[in-house]
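Novice: Submitted below is the structure of interest, expressed as structure tokens.
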Amino acid sequence: MSMSTSRSVFLSISLLLAVLSPAVAASLSSLDRAALQRAQSLMEQDRASDAIALLQPRLQQNRPHPNLYLFTCHALAQQHTHEQEQNEALACWQQGHDSHPHHAALLQGLSTALIQNAQFDQAIALIEQHLAQATAPEPQHNELRYLLAYSHVQREQYAAALTSLSPLPRNERIWPLMAHSQAALERWPELLATTEEWLIKVPESATAWRLMAQAQLALQQPQAATLALQISELLDPSNVAPLHGLYASLGAYDLASQCLSYQDNLQCLRFGLLAGRYQASIDAASRWTPNLQDWDAYHLLLGQLLQRTGERHLARQTWWQVGTQALPVESEGELRRLRQQRERARGQALLLIGQSHWLESQWPEAQIAYRQMARLPGYKQQGQSLLTAIEQYRLLD
């Protein structure tokens, strides 16, 4: 879920005009006021670079006025196409907040900049500290709680996100965060209530219809879920995957496998296998090359499809590809998980290879597969049992 820049960056042109209102202007020096008026004119001409060059020297004075920071940091944020400029904007907001730690607009600006730079933990700490220290409700607290909830969602801290959202009035920014958090926590009755409220106000939201269907399906309401997903498909024809998933959950794999004609993913290949559409699934598999994450699952599935069409030799060749790709460089814990996942896939592939040879009475080839299987820690006993079974079977044959 991404945060819309136009909605999340609160420093709009209306606020910039407020910077130069008579009440604000009275607290500015004549030089600062003139610089801000000139910078405003440059911004209106889409000359942000010139506005920045004009204002940045003013920030070198002793404790610059907060509105100089507001205008300069906002101008830097507008040039967010390059990482260096993003870092410059963040540094500007940080400097402004350090100089004026109790200034509400600078606090919001720094929080937003941290989020836009994916520094969610820092944003959470900053906002929570301010809210904890506040002695009374302040006008900017609703915006801060929204930013806090958004950061929690990005860190997959869904319960904390819902806590942050609970006091806020519901609107088009709040409903998506609430619904996605409730879905992640599998709070299906709450999700259903949220999407119903959302759709009363925004009936054209395809996302709301999809999330409603997810809740209805979990609550054993398949007919209502089907209708909700069909409406979602009409509103957003580019995203029909949930409808196929619903068909599959109902056992209608012939309908679910329709995605083979326009989607290239493992889920569609599985639907094709379960629907008995082996050749169509093989054709779909040939249109794309799996990424490293899907490599083993793809070759396991493609081998099963080839086996079903009688292409046993090609199926075995495909299964031998499982576990051949180098693992990505990850943390120690993640690398351990990937190795375990690869071992399971490799064990399944070797089992399938051995069974395929067994069906053709190709005993030496089956033994090769089972010996390799027995070398895998998680498949040692099963591999040795199959080797013993082959020897006994050959004696009886």
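All of the numbers you see were taken from the coordinates with simple rules; none came from a lab. Bear in mind that the values here come from a model prediction, so they are computed numbers and not experimental data. Using ideal geometry, Cβ is built from the backbone for each residue, glycine included, and neighbour counts are taken over all protein chains shown.
Novice: Could you list ARG38, ARG63 in order of exposure, starting from the residue whose Cβ has the fewest other Cβ atoms within 10 Å?
Specialist: By the 10 Å Cβ count, ascending, the order reads ARG63, ARG38.
Novice: I would also like to ask the following. For a Förster distance of 51 Å, can you work out the FRET efficiency between the beta-carbons of GLU196 and ARG394, rounded to the nearest 0.05?
Specialist: 0.20
Novice: Now for a different question. For the peptides 286-293, 346-353, what is the packing order when you average, over each peptide's residues, the other Cβ atoms within 10 Å and list the highest mean first?
Specialist: Answer by packing, highest mean first, reads 346-353, 286-293.
Novice: For GLU128 and LEU274, calculate 0.36 nm times their separation in residues minus their Cα-Cα distance, and state this gained length in nm to one decimal.
Specialist: On the way: separation 146, 0.36 × 146 = 52.56 nm, distance 4.99 nm.
Gain in length upon complete extension: 47.6 nm.
Novice: For the range 107-213, which trypsin sites (Lys or Arg not before Pro) are in a loop by DSSP, counting at most 15 other Cβ atoms within 10 Å? Before the final figure, lay out the partial values.
Specialist: Details: sites: ARG145, ARG155, ARG170, ARG173, ARG187, LYS201, ARG210; in loops: ARG155, ARG170, ARG173, ARG187.
Sparse-neighbourhood loop trypsin sites (Lys or Arg not before Pro): ARG155, ARG170.
Novice: Continuing with this model, one more query. Which stretch or stretches of the range 114-148 have amide N atoms under 18 Å from the point lying 7 Å from ALA184's Cα along the Cα→Cβ direction?
Specialist: 115-128, 145-148
Novice: Could you give the longest part of the chain that holds none of the GluC sites (Glu not before Pro) found in DSSP loops with at most 13 neighbouring Cβ atoms within 10 Å?
Specialist: No qualifying site falls inside 1-155, the longest such stretch.
Novice: Using the basic label-point model (7 angstrom from Cα toward the beta carbon), what is the GLU332 to ASP283 distance in nanometres?
Specialist: A separation of 5.1 nm, rounded to one decimal place.
Novice: With +1 assigned to the C-beta of every Lys and Arg and -1 to the C-beta of every Asp and Glu, and no other charges, what is the dipole magnitude of the range 35-143 about the Cα centre in debye, to the nearest 20?
Specialist: 400
Novice: Still on this model: Given a Förster distance of 25 Å, report the FRET efficiency between SER361 and LEU314 from their Cβ-Cβ distance, rounded to the nearest 0.05.
Specialist: Once the sixth-power term is evaluated, E becomes 0.85.
Novice: What does the charge add up to near LEU387, with Lys and Arg as +1, Asp and Glu as -1, over the other residues with Cβ less than 12 Å from its Cβ?
Specialist: For residues surrounding LEU387, the net value is +3.
Novice: Work out the length of the dipole vector of the chain about its Cα centre, built from +1 on the beta-carbon of each Lys and Arg and -1 on the beta-carbon of each Asp and Glu, and round it to the nearest 20 debye.
Specialist: 660
Novice: Taking the dipole about the Cα centre of the range 191-344, with the C-beta of Lys and Arg at +1 and of Asp and Glu at -1, give me whichever of SER238, ALA297, GLN223 is farthest to the positive side.
Specialist: Toward the positive end, the furthest listed residue is ALA297.
Novice: I would also like to ask the following. Identify which of the listed values of Kirkwood radius over Cα pairs in Å was calculated from the structure shown: (1) 22.1; (2) 26.0; (3) 23.0.
Specialist: (2)
Novice: Something else now. Ranking TYR247, TYR393, TYR278 by Cβ neighbours within 10 Å, fewest first, what do you get? Don't skip to the answer; put the middle values down first.
Specialist: Numbers: TYR247 21, TYR393 13, TYR278 18.
By the 10 Å Cβ count, ascending: TYR393, TYR278, TYR247.
Novice: Where in the range 174-203 is the amide nitrogen less than 20 Å from a point lying 7 Å along the Cα-to-Cβ axis of SER249?
Specialist: 176-199
Novice: Applying 1/(1 + (r/R0)^6) with R0 = 25 Å to the Cβ-Cβ distance of ASP98 and GLN45, what FRET efficiency is obtained, to the nearest 0.05? Walk me through the numbers before you get to the answer.
Specialist: Numbers: r = 31 Å, r/R0 = 1.25.
For R0 = 25 Å, the calculated efficiency reads 0.20.
Novice: Once you have the Cα-Cα distance between ALA136 and ARG38, take 0.36 nm times their residue separation minus that, and quote the gain in nm to one decimal.
Specialist: 31.6 nm
Novice: Using Cα pairs closer than 8 Å and at least 6 residues apart in sequence, work out the relative contact order for the range 334-394, in percent.
Specialist: Working: 48 pairs, mean separation 16.1, N = 61.
Reported relative contact order: 26 percent.
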